[in-house]
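I have placed the structure first, in the form of C-alpha cells, so that the comments after it can refer back to it.
The values are calculated or read from the model by the stated rules, or taken from the named source; none is laboratory data. All values reported here derive from a predicted model rather than from experimental measurement. As a convention, Cβ positions derive from the backbone with ideal geometry for all residues, glycine included, and neighbour counts pool all protein chains shown.
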Amino acid sequence: MSVEWMYLGFALVAFLYAGVGHGGGSGYLAVMALCSYHAYLARPNALVLNLVVSGTAFMQFYRGGYFKLRDFLWLAGFSVPMAFLGGLVPIQDELYKKLLGAMLLSASAMMVFRPAEPNNVKQLPVLAAAVIGAVIGFVSGLTGIGGGVWLSPILLLAGWARQKETAALSSAFIFVNSLSGLLGWIRTDKPWDENLPVMIGIVLISGGLGAWLGSVKYRSAAMKWLLALVLGIAAVKLLVV
C-alpha cells in the first residue's frame with residue numbers, strides 16, 4: 001500500500017480511537033504493518049501520534065468532568081517509570097514484529113470483548129493500580145502501544161469506572177506513558193521519520209473531531225468491530241509473514 005493509504009488509515013484510526021479516549025497506538029502500528037512500513041520507525045511514530053491524539057482526547061473528556069485524579073495518579077505513578085524502561089530496551093526488527101503481532105492480537109480481542117458499562121462503580125485498589133500500571137506501562141514503552149486498549153476493558157470489567165470516566169483515565173494514562181516511552185526511545189539516538197510532521201497534522205485534526213464527538217455521545221458499536229478487524233489482520237501478517 002502507498003503512503004497516502006497509510007495516511008488515510010491514520011486519520012480513521014485517530015478519529016475512532018479518540019472517541020473512546022484512546023491514543024490509537026495499536027491502530028497506527030497495525031496500519032504501518034499492513035503497509036509494510038519501516039519497522040524501526042513504527043515504535044517512535046506510534047508514541048508521538050499517541051501523544052497528539054490522547055492529549056486532545058483528554059482535554060475533551062476533562063472538560064466534561066469525567067476525570068478521576070486519584071485513580072490516575074496511582075496508575076501513572078507506577079506506569080511512567082516502567083514505560084521509560086520499556087522505551088530503552090533495544091529490540092531486533094524480527095523479534096519486534098512478532099511481539100507486536102501478539103500485542104495487536106490481544107488488543108483485537110479486547111476490542112471485541114470490551115465489557116459494558118458497570119451498574120455500580122467501586123474504588124480502584126492501590127495494589128491493583130500498581131500492578132496494572134507497571135505491566136501496561138512497560139509494554140507501552142516497549143511496543144509503542146499506549147495501553148488504553150488493555151486499561152479500558154480492565155476498568156470496566158472490574159467496575160472501577162464508567163465509560164466516559166474510563167475514556168478520561170485512559171487518555172491521560174496513554175499520554176504520560178507515551179511521553180515516558182518516547183523519552184526512553186530518544187536516548188537510543190535512533191533517527192526520526194521525515195514523514196512524522198504530516199502524520200501529526202492528520203491525526204491532530206481527525207483525532208480532535210473524534211474526541212469531541214466521543215465526549216458528547218457514545219460511539220457506535222460497529223466501530224469496535226472495524227478496529228478489531230484491522231488489528232487482527234495486521235497481527236496475522238506480523239506473526240505469519
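S36 passes every criterion in (1) closer than 12 Å to I174 by Cβ; (2) without any contact (Cβ under 8 Å) to a residue 60 or more places away in the chain; (3) among the hydroxyl-bearing types (S, T, Y) apart from (1). Selection within the range 205-231: residues that are buried (at least 17 other Cβ atoms within 10 Å of the Cβ) and modelled with pLDDT of 75 or more. The member of this set that is farthest from F61 (Cα to Cα) is S206.
Mind telling me which of the residues G23, G19, G65 ends up being over 19 Å from I233 (Cβ atoms) and free of Cβ contacts under 8 Å to residues at least 24 places away in the same chain? The unique qualifying residue is G65.
Do we have L157 as part of a helix (DSSP H, G or I), surrounded by fewer than 17 Cβ atoms within 10 Å (Cβ to Cβ) and touching a residue at least 40 places away in the same chain (Cβ under 8 Å) here? If you could, list the steps in order and put the result at the bottom.
On the way: part of a helix (DSSP H, G or I): yes; surrounded by fewer than 17 Cβ atoms within 10 Å (Cβ to Cβ): yes; touching a residue at least 40 places away in the same chain (Cβ under 8 Å): yes.
So L157 passes the test.
Would you mind listing the helices (runs of 4 or more DSSP H) fully within the range 1-103 where at least 2 residues are among the β-branched types (V, I, T) and over 18 Å from V139 (Cβ atoms)? Give the steps one after another, and end with the answer.
Details: elements: 3-18, 25-34, 39-63, 69-88.
Per the criteria, 3-18, 39-63.
Mind checking whether some residue in the range 139-154 is crowded, with 21+ Cβ neighbours inside 10 Å, part of a loop (DSSP other than H, G, I, E, B) and at positive phi? Scanning the range 139-154, I find at least one residue that is crowded, with 21+ Cβ neighbours inside 10 Å, part of a loop (DSSP other than H, G, I, E, B) and at positive phi, so the answer is yes.
To keep it simple, each residue is scored yes or no on (1) acidic (D, E); (2) surrounded by 23 or more Cβ atoms within 10 Å (Cβ to Cβ); (3) over 16 Å from the mean Cα position of the chain (by Cα); (4) closer than 15 Å to Y17 by Cβ.
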residue: S54; (1), (2), (3), (4): no, yes, no, yes
residue: F58; (1), (2), (3), (4): no, yes, no, yes
residue: Y62; (1), (2), (3), (4): no, no, yes, no
residue: Y66; (1), (2), (3), (4): no, no, yes, no
residue: L69; (1), (2), (3), (4): no, no, yes, no
residue: L75; (1), (2), (3), (4): no, yes, no, no
residue: A83; (1), (2), (3), (4): no, yes, no, no
residue: G86; (1), (2), (3), (4): no, yes, no, no
